[in-house]
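The values are calculated or read from the model by the stated rules, or taken from the named source; none is laboratory data. From a predicted model like this one, the values you see are computed outputs, not experimental measurements. Cβ atoms come from the backbone with ideal geometry, glycine included; neighbour counts cover every protein chain shown. Surface accessibility is based on the protein's heavy atoms, side chains included, excluding ligands, DNA and RNA. Shrake-Rupley method; radii C 1.70, N 1.55, O 1.52, S 1.80 Å.
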Amino acid sequence: MAVPLDVVVAGAGPAGLSAAAACAAAGLSTALVAPAVRPWPATYCLWADELDAAAGPLGLDPAAARTTMAARYSPTVVRTASGGERELTRGYARLRNDAVHAALLDRFTAAGGRLVTGRVRGLLDDDGGEVAVLADGTRLAARTVLDARGGGPATAQQRAWGEVVAGPVPDLVPPDGALFMDWTALAAPGAPPAFLYGLPLDDGTVLLEATSLAARPPLPLADLRERLAALLTAHGLRPAGGAERVAIPLDAAPRPAGPGTPLGAAAGLVHPATGYSVAASLRLGPRVAAALAAGRDPRPVVRAARPRATAALLGLGLEVLLPMDAAATDAFFGAFFTLPEQEWAPYLDGGSPPSAVAGTMARVFGALSPAQRARLLRGVAGGTAARLVAGLRRARAAASGR
């Protein structure tokens, strides 16, 4: 079979559209396949410095990325019962999806990219190339198919129920700032751990979300909805429309080896202990495009986006979080954010070297009180506890040069 295209991209989320735009701009004949290509409905946030670093490679105007393409928040606040309120020095940002989507789509089409309306239901190897098979039977052959159709099933999820309310609400969300985590606002005796997350929106309203960071099985959305409703009532707030429901798989495995190169959640780039993935997806697209334009296999580039040892440590971090009750979770994040930014930031970046991730884990463990450390280890299953202790010992030895 002839190979009329260089690249077919399956899926038009942030991972797919950014990769498609970068491939087309690199001079590769590129088709983007999705049921619809429209601005993403989800709320996507990342650290402001991550957006600044991604803007240039994505072909976005850096000035626009700082203004029209994102809302930036200062201060960014964390509240815990154990550590009180802390203002983070690292800036936080929310993508303005319509602006980012339009800029990437314009770059894609201006470079000659081809939009195909449809749904990819399968991938095939064929005569040295790859084929995307659409639900209607259409076959698109290319040198490479990039698979950005999302992640697979998972046993652990992050879930959130969000409501938009009239703003401002300074007793909950700092004016012009972001509420990153408040582990005190939704606390209730015997209730599973959940935190309040809050962001001012462009129209003067405020998004408030009751969030279960990680649970296996996932916490029912109805539980989070009820807890948020009780909080709104206590503060005299009423929903203004626009409820948001979030369910992020945290322990989904990357797609198995086969035809196609996975991107984004399909490549296992969802951070298993935080649920974040958009920054990793945006910065990966240009790297994959550069490899393809140079005639290289893009799979090693995707694997390098999350080193195997880093993935193992972050997966261990998820297993540590899952059995914690509300008090232990509060103490954990109270300790986590006592660290200087340069010590906690590597853990939140799934592309960090494993030594940096292990170093953060060791420092957080050391920042807990002896009673909290013992409680954490008691709550973790035996095999996971042993791996945690061994990992912390290796991190300490590395930090001391032994």
Exercise. State all residues of region 304-333 that are of a type in the set (K, R) and in contact (Cβ under 8 Å) with a residue 24 or more places away in the chain; if no residue qualifies, say none.
Key: R306
Quiz item: Can you pull out the residues in region 147-202 that are touching a helix residue (DSSP H, G or I) at 6+ places or on another chain (Cβ under 7 Å) and on the phi > 0 side of the Ramachandran plot?
Solution: G150
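When you scan region 78-92, how many residues do you find that are open to solvent by 80 Å² or more (accessible area, probe 1.4 Å), of a type outside the set (A, V, I, L, M, F, W, C) and within 22 Å of A326 (Cβ to Cβ)? Spell out how you get there, then give the answer.
Kept after step one, since they are open to solvent by 80 Å² or more (accessible area, probe 1.4 Å), are these residues of region 78-92: 81, 85-87, 89.
When the remaining residues are screened for being of a type outside the set (A, V, I, L, M, F, W, C), the result is 85-87, 89.
Within this subset, residues satisfying the condition of being within 22 Å of A326 (Cβ to Cβ) are 85-86.
Final tally of qualifying residues: 2.
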Quiz item: Which is touching a strand residue (DSSP E or B) at 6+ places or on another chain (Cβ under 9 Å), small (G, A, S) and crowded, with 23+ Cβ neighbours inside 10 Å, of A265, A243?
Solution: A265
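Got a sec? Which of A345, A398, A362, A386 is modelled with pLDDT under 60 and either in a helix (DSSP H, G or I) or charged (D, E, K, R) (or both)?
On the way: A345 fails: modelled with pLDDT under 60; A362 fails: modelled with pLDDT under 60; A386 fails: modelled with pLDDT under 60.
Being modelled with pLDDT under 60 and either in a helix (DSSP H, G or I) or charged (D, E, K, R) (or both) holds for just one of A345, A398, A362, A386, which is A398.
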Quiz item: Of the conditions (1) surrounded by fewer than 18 Cβ atoms within 10 Å (Cβ to Cβ); (2) of a type in the set (V, I, T); (3) within 24 Å of A267 (Cα to Cα), V7 fails just one. Which one is it?
Solution: (1)
Self-check item: The one condition in (1) within 20 Å of the chain's Cα centre (by Cα); (2) in a loop (DSSP other than H, G, I, E, B); (3) not aromatic (F, W, Y) that P259 fails to fulfil
Solution: (1)
Exercise. Filter region 201-232 down to residues that are farther than 28 Å from N97 by Cα and free of Cβ contacts under 8 Å to residues at least 40 places away in the same chain and give me whichever is surrounded by the most Cβ atoms within 10 Å (Cβ to Cβ).
Key: D223
Self-check item: Selection count, region 180-198, where residues are surrounded by fewer than 17 Cβ atoms within 10 Å (Cβ to Cβ) and closer than 25 Å to S74 by Cα
Solution: 1
Quiz item: Going through region 267-303 one residue at a time, which ones are in contact with a Phe, Trp or Tyr (Cβ under 8 Å, 6 or more places away or on another chain) and in a helix (DSSP H, G or I)?
Solution: V278, A279
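Among the residues of region 27-34, is any farther than 15 Å from R287 by Cα, open to solvent by 10 Å² or more (accessible area, probe 1.4 Å), touching a residue at least 12 places away in the same chain (Cβ under 8 Å) and among the hydrophobic types (A, V, I, L, M, F, W, C)? Break it down stepwise before answering.
Step one: list which residues in region 27-34 are farther than 15 Å from R287 by Cα, which gives 29-34.
Next cut, open to solvent by 10 Å² or more (accessible area, probe 1.4 Å) only: 29.
Keeping just the survivors that are touching a residue at least 12 places away in the same chain (Cβ under 8 Å) gives 29.
Among the residues that remain, those that are also among the hydrophobic types (A, V, I, L, M, F, W, C) are: none.
Checking region 27-34: not a single residue is farther than 15 Å from R287 by Cα, open to solvent by 10 Å² or more (accessible area, probe 1.4 Å), touching a residue at least 12 places away in the same chain (Cβ under 8 Å) and among the hydrophobic types (A, V, I, L, M, F, W, C).
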Quiz item: When you go through A48, A31, A55, A10 one by one, which is the residue that is within 20 Å of L124 (Cβ to Cβ), at pLDDT 95 or above and within 20 Å of the chain's Cα centre (by Cα)?
Solution: A10
Quiz item: Does any residue of region 283-304 turn out to be crowded, with 22+ Cβ neighbours inside 10 Å and within 26 Å of P217 (Cα to Cα)?
Solution: no
Self-check item: Set R139, R143, R121, R96: member being touching a residue at least 60 places away in the same chain (Cβ under 8 Å) and closer than 30 Å to P4 by Cα
Solution: R143
